[in-house]
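Engineer: Here it is, the structure in full.
The values are calculated or read from the model by the stated rules, or taken from the named source; none is laboratory data. Note that this is a predicted model, so its numbers are computed, not measured. Every residue, glycine among them, receives a Cβ derived from its backbone with ideal geometry; neighbour counts consider all protein chains shown.
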Amino acid sequence: MKYLITGLLLCTGLMAAAQAPYTITLQKASSQPAPALQSYAIAVQNGLWLLVGGRTNGFHGTSGPGSTFPTSKSNTFIWVIDPANNRSWKGNIPPALQYQLSSTNMAFYQDGNILYCIGGYGAGCPNDSCYQTFPLITAIDVQRTIAGVQNGYALNNYIKTTQDSRMAVTGGYLTKLNNWFHLVMGQDYNGKYSGGVTGKYTEQIARFTLSTLNGAPVIGNYNVITTNQSYNGANQFHRRDYPSVKMVMPANRNVGVAVFGGVFNNQGGPFVNPVYFEDMGFNTLAQIDTSFKQRYCLYDCAAISAFNSASNEAYVSFIGGITDWYIDDQGREVPGNASNFMPWFNRVSTIVRGLKGTQEYPQLNSTLPGYIGANAAFLINPQIAVMGKTEDVIDYAKLPSGNTLIGWMFGGIEATAPQSNGFNPTNAGSTIYEVWLQKN
């Protein structure tokens, strides 16, 4: 069944605040046991991180005689990281799952002890000649896989997969609202990647249930949500590689999802109108915010979500990544242009959404340790209070005053300049950063 979404979210006015309610800073953690990795899937259990898939090099590039996603730079191991004790282990991927679980940009979600991994893009054979988006959904038993990696066991019994062409998605986002999973947008790209050649965008939000049978994932009650709304001639759901988070909606305080940015519209740039959606029980309601145009951090990056019950405001902070507007050497806000188009970003930007509208606040007076954050992950501090029915939306009203360690950021792409080229290379990062929040 298809649900066609045509309504728009029209907010009135703009918020009067002169700055975001807090400042985010990063500090390199004392322990650094992780490999260099970007665009990976991750699960967390008892302070241990389980890392699957992703790339060990930097930005993939858009041209060249060879593959822009060579298998020599795929992550061909399953990693377990113990950041508190500065330890790491790596295990072999079961041979039958080697290609998908070495791929990049899988959609993933940890549901209790199960890490679900969907799709992903990469080579499906050993000679870099047969690239695809994998039509697979895989369920990983997190506890047993962590123990297996730590003890050198074969992992075949802990990781099971199901083939399903509806799961052939890369650059999308997987989340769960109530009892429903949502596979959000993304594309199906087949063949060697080449700049200017696009895959088949899903232009939908798929809604379904997930369970396991003998460890293998089972999909049920599958339906899709689409939209006929366009931006500069492009469907508003024609997006991939965007930052997305769970969000408490100020209008009703329901837990929903916010999709920000994403690429590419018909002009080759990013989308600027956020998409919000909520599970209403019998279906999913999606709305497009036409009253707000995002300027900063429009590509997949580490993102932090919080809600302030005292002011009835949702906060989302993005750490670096790729931007549209940027801050020049004089501290001025400058729109992207031909000489600096969608540059790497070295700042945090925060979106504040309330009943009176939405506003965006880049941190003008502080920079990050580098051009970092793209395709990285934010991992919340388990000691931080979260909003009900969420695992990772910070309960801002319960944060103490002063500076608080709210979590960590790991890996992602590290750039050496706003525009990368042969003289300004990029690489995958191995750095674990502490993420601190200072209430203003």
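Engineer: Could you grab the pairs with beta carbons closer than 8 Å, sequence gap of 6+ or different chains, first residue in segment 393-414 and touching a residue at least 24 places away in the same chain (Cβ under 8 Å) and on the phi > 0 side of the Ramachandran plot, second one surrounded by fewer than 22 Cβ atoms within 10 Å (Cβ to Cβ) and part of a loop (DSSP other than H, G, I, E, B)?
Structural biologist: Close Cβ pairs satisfying both conditions: Gly407/Asn381; Gly407/Ile384; Gly411/Ala34; Gly411/Ala36; Gly411/Ser430; Gly411/Thr431.
Engineer: Separate question: State whether the residues of segment 346-364 include one that is under 24 Å from Asn265 (Cα atoms), exposed (fewer than 15 other Cβ atoms within 10 Å of the Cβ) and at pLDDT 95 or above.
Structural biologist: Within segment 346-364, none of the residues are under 24 Å from Asn265 (Cα atoms), exposed (fewer than 15 other Cβ atoms within 10 Å of the Cβ) and at pLDDT 95 or above.
Engineer: Follow-up. Being touching a Cys at 6+ places or on another chain (Cβ under 8 Å) and either touching a residue at least 60 places away in the same chain (Cβ under 8 Å) or among the hydrophobic types (A, V, I, L, M, F, W, C) (or both) is the filter here; which residues of segment 114-135 pass it?
Structural biologist: Ala123
Engineer: Being of a type in the set (Gly, Ala, Ser) and buried (at least 20 other Cβ atoms within 10 Å of the Cβ) is the filter; apply it to segment 116-139 and report the residue that is nearest to Met167 (Cα to Cα).
Structural biologist: Gly119
Engineer: In segment 109-123, what residues are closer than 12 Å to Ala168 by Cβ and in contact with a helix residue (DSSP H, G or I) (Cβ under 9 Å, 6 or more places away or on another chain)?
Structural biologist: The answer is Ile118, Gly119, Gly120.
Engineer: When you scan segment 254-275, how many residues do you find that are in contact (Cβ under 8 Å) with a residue 40 or more places away in the chain and more than 30 Å from Pro418 (Cα to Cα)?
Structural biologist: 2
Engineer: Looking at Ala306, Ala314, Ala310, Ala302, can you tell me which residue is over 23 Å from the mean Cα position of the chain (by Cα) and of a type outside the set (Ser, Thr, Tyr)?
Structural biologist: None of the others qualify; the one that does is Ala310.
Engineer: Within segment 136-190, which residues are over 30 Å from Asn265 (Cβ atoms), touching a residue at least 40 places away in the same chain (Cβ under 8 Å) and among the polar types (S, T, N, Q)?
Structural biologist: Thr138, Gln143, Thr145, Gln150, Asn156, Asn157, Thr161, Thr162, Asn178
A quick yes/no check of all residues on (1) touching a Gly at 6+ places or on another chain (Cβ under 8 Å); (2) over 27 Å from Ala302 (Cα atoms); (3) of a type in the set (Lys, Arg):
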position: Ala206; (1), (2), (3): no, no, no
position: Ala216; (1), (2), (3): no, yes, no
position: Gly220; (1), (2), (3): no, yes, no
position: Arg240; (1), (2), (3): yes, no, yes
position: Pro243; (1), (2), (3): yes, no, no
position: Lys246; (1), (2), (3): yes, no, yes
position: Asn254; (1), (2), (3): no, no, no
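Engineer: Looking only at segment 384-395, decide whether some residue is among the acidic types (Asp, Glu), surrounded by fewer than 16 Cβ atoms within 10 Å (Cβ to Cβ) and outside any strand (DSSP E or B).
Structural biologist: yes
Engineer: From the list Gly152, Gly148, which one is farther than 24 Å from Ile225 by Cβ, more than 22 Å from the chain's Cα centre (by Cα) and surrounded by fewer than 20 Cβ atoms within 10 Å (Cβ to Cβ)?
Structural biologist: Just one listed residue meets the conditions, Gly152.
Engineer: Any residue at all in segment 200-217 that's part of a loop (DSSP other than H, G, I, E, B), at pLDDT below 95 and either touching a Leu at 6+ places or on another chain (Cβ under 6 Å) or charged (D, E, K, R) (or both)?
Structural biologist: Within segment 200-217, not a single residue is part of a loop (DSSP other than H, G, I, E, B), at pLDDT below 95 and either touching a Leu at 6+ places or on another chain (Cβ under 6 Å) or charged (D, E, K, R) (or both).
Engineer: For residues in segment 161-199 being among the hydrophobic types (A, V, I, L, M, F, W, C) and in a strand (DSSP E or B), which is nearest to Asn235 (Cα to Cα)?
Structural biologist: So, considering only residues that are among the hydrophobic types (A, V, I, L, M, F, W, C) and in a strand (DSSP E or B), the one nearest to Asn235 (Cα to Cα) is Val184.
Engineer: Kindly indicate which of Ala286, Ala302, Ala310 is buried (at least 24 other Cβ atoms within 10 Å of the Cβ), in contact (Cβ under 8 Å) with a residue 40 or more places away in the chain and more than 24 Å from Ala41 (Cβ to Cβ).
Structural biologist: One residue alone meets the criteria, Ala286.
Engineer: Please go through segment 89-115 and give me each residue that is among the hydrophobic types (A, V, I, L, M, F, W, C) and within 22 Å of Arg240 (Cβ to Cβ), ordered by number.
Structural biologist: Leu101, Met106, Ala107, Phe108, Leu115
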